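Student: Quick one: this structure, given as structure tokens, is what I'll be asking you about.
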Amino acid sequence: MKLFVYHTPELSPKESCPDCAVVIDVLRATTTIATALNAGAEAVQAFSDLEQLMQVSAEWPSQLRLKAGERGGAKVAGCDLGNSPLDCVPDVVKDKRLFISTTNGTRALERVRESKIVMTAALVNRRAAVKYILKKEPGTVWLLGSGWEGGYSLEDTVCAGAIAQALLPQYQVGNDEVIAAIALYDQWKDNLLHLFEQSSHGQRLLGLNAKADLAYCAQTDILDILPIQSDPGVLVPFR
Ligand code: MLT
């Protein structure tokens, strides 16, 4: 069984998919997805394209849907929510489907959505992802960072390292990025918030007054929930 880390969708091998793809966008899409499902959302349906989100969500009963849109860190006009996990409380999301489009995270999901198993992970639900993989033992696992517009993101790689470290006793290292991600996690695991504050997207979010989001996203293993793809782009909770 082999484990690979790819920092961005663009760096992953073209025209192939693994047995299990773990999409990571710690700041903030995959943290938001885990939080929404944990708070009782029926499902999260992800779109890279905002227009498509608007079209598909319009066919859903209005009292059972929420539109969440983010570009450049900010909420998209015409959506109910942006991409803050802190907005995903039971009073807001319970029993609703969250139709979401974000700058990078939902694009990464689209890249691997043909994989046999697709899940999303962040630090908040890292243990749930590890537990599932160790139980199901898929042959090839990709930990896929979402990055920022094709570039590297510290927060996604540190989370990949946190997951990889827990899988390595059972999995072989598939590429050098696995070792690098674990080294990054080892160095920062006791001070993840400080790392996020220095990262480029962390800086962007601080500029948008989202300091509380950074603090929330920097927590490890606080949610025992795993978003798993049931249909292309649709994530449902696995507990
Ligand atoms: C993304 O998909 O790029 C992020 O989740 C952006 C954000 O922090 O809202």
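The values are calculated or read from the model by the stated rules, or taken from the named source; none is laboratory data. Given the structure is predicted, the values throughout are model-derived calculations rather than measurements. Note that each Cβ is placed from the backbone with ideal geometry, even for glycine, and that neighbours are counted across all protein chains shown. Note: accessible area is taken over every heavy atom of the protein model, side chains too, but ligands, DNA and RNA are not part of it. Shrake-Rupley method; radii C 1.70, N 1.55, O 1.52, S 1.80 Å.
Student: How about segment 175-192: which of its residues are without any contact (Cβ under 8 Å) to a residue 60 or more places away in the chain and open to solvent by less than 60 Å² (accessible area, probe 1.4 Å)? Quick ask: steps written out before the conclusion?
Tutor: Initially, segment 175-192 is screened for residues without any contact (Cβ under 8 Å) to a residue 60 or more places away in the chain, giving 176, 179, 182-191.
Scanning segment 175-192 gives Ile182, Ala183, Leu184, Tyr185, Trp188.
Residues checked against (1) aromatic (Phe, Trp, Tyr); (2) within 20 Å of Ala121 (Cβ to Cβ):
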residue: Ser12; (1), (2): no, yes
residue: Asp25; (1), (2): no, yes
residue: Phe47; (1), (2): yes, yes
residue: Gln52; (1), (2): no, no
residue: Gln55; (1), (2): no, no
residue: Leu66; (1), (2): no, no
residue: Gly69; (1), (2): no, no
residue: Asp80; (1), (2): no, no
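Student: Considering each of Ile182, Ile117 in turn, give the residue that is under 30 Å from Gln52 (Cα atoms) and of a type outside the set (Asp, Glu). Explain how you work it out, then say what you get.
Tutor: Working: Ile182 fails: under 30 Å from Gln52 (Cα atoms).
Matching residue, one of Ile182, Ile117: Ile117.
Student: Find the residue count for segment 167-208, including only residues that are within 13 Å of the ligand (Cβ to nearest atom) and assigned to a loop (DSSP other than H, G, I, E, B).
Tutor: 2
Student: While we're looking at this one, here's another question. So, in segment 87-114, exactly how many residues are open to solvent by less than 10 Å² (accessible area, probe 1.4 Å) and more than 16 Å from the ligand (Cβ to nearest atom)?
Tutor: Residues that pass the stated criteria total 1.
Student: How many residues are hydrophobic (A, V, I, L, M, F, W, C), part of a loop (DSSP other than H, G, I, E, B) and under 19 Å from Asp231 (Cβ atoms) if we restrict to segment 112-124?
Tutor: Going residue by residue through segment 112-124, those that are hydrophobic (A, V, I, L, M, F, W, C) are 112, 117-119, 121-124.
With the extra rule that they be part of a loop (DSSP other than H, G, I, E, B), the set shrinks to 112, 122.
Still in the list and also under 19 Å from Asp231 (Cβ atoms): 112.
Matching residues across segment 112-124 total 1.
Student: Listed residues Gly72, Gly78; which is within 10 Å of the ligand (Cβ to nearest atom), out of contact with any Asp or Glu (no Cβ under 7 Å at 6 or more places or on another chain) and either more than 29 Å from Val130 (Cα to Cα) or free of Cβ contacts under 8 Å to residues at least 12 places away in the same chain (or both)? Let's see the steps before the verdict.
Tutor: Numbers: Gly78 fails: within 10 Å of the ligand (Cβ to nearest atom).
The match here is Gly72.
Student: Can you tell me which residue in segment 7-64 is farthest from the ligand (Cβ to nearest atom), limited to those that are open to solvent by less than 10 Å² (accessible area, probe 1.4 Å), under 15 Å from Ser84 (Cβ atoms) and touching a Cys at 6+ places or on another chain (Cβ under 8 Å)?
Tutor: Only one residue tops the list, namely Ala41.
Student: Taking the conditions exactly as written (under 30 Å from Ala43 (Cβ atoms), crowded, with 20+ Cβ neighbours inside 10 Å and modelled with pLDDT of 95 or more), does Asp213 satisfy them or not?
Tutor: Values: under 30 Å from Ala43 (Cβ atoms): yes; crowded, with 20+ Cβ neighbours inside 10 Å: yes; modelled with pLDDT of 95 or more: yes.
When the stated conditions are applied, Asp213 passes them.
Student: Among the residues of segment 125-146, are any open to solvent by 60 Å² or more (accessible area, probe 1.4 Å), over 27 Å from Ile228 (Cβ atoms) and touching a residue at least 24 places away in the same chain (Cβ under 8 Å)?
Tutor: At the first step, the residues of segment 125-146 found to be open to solvent by 60 Å² or more (accessible area, probe 1.4 Å) are 127, 131, 135-137.
Cutting the leftovers down to over 27 Å from Ile228 (Cβ atoms) gives us none.
No, segment 125-146 contains no residue that is open to solvent by 60 Å² or more (accessible area, probe 1.4 Å), over 27 Å from Ile228 (Cβ atoms) and touching a residue at least 24 places away in the same chain (Cβ under 8 Å).
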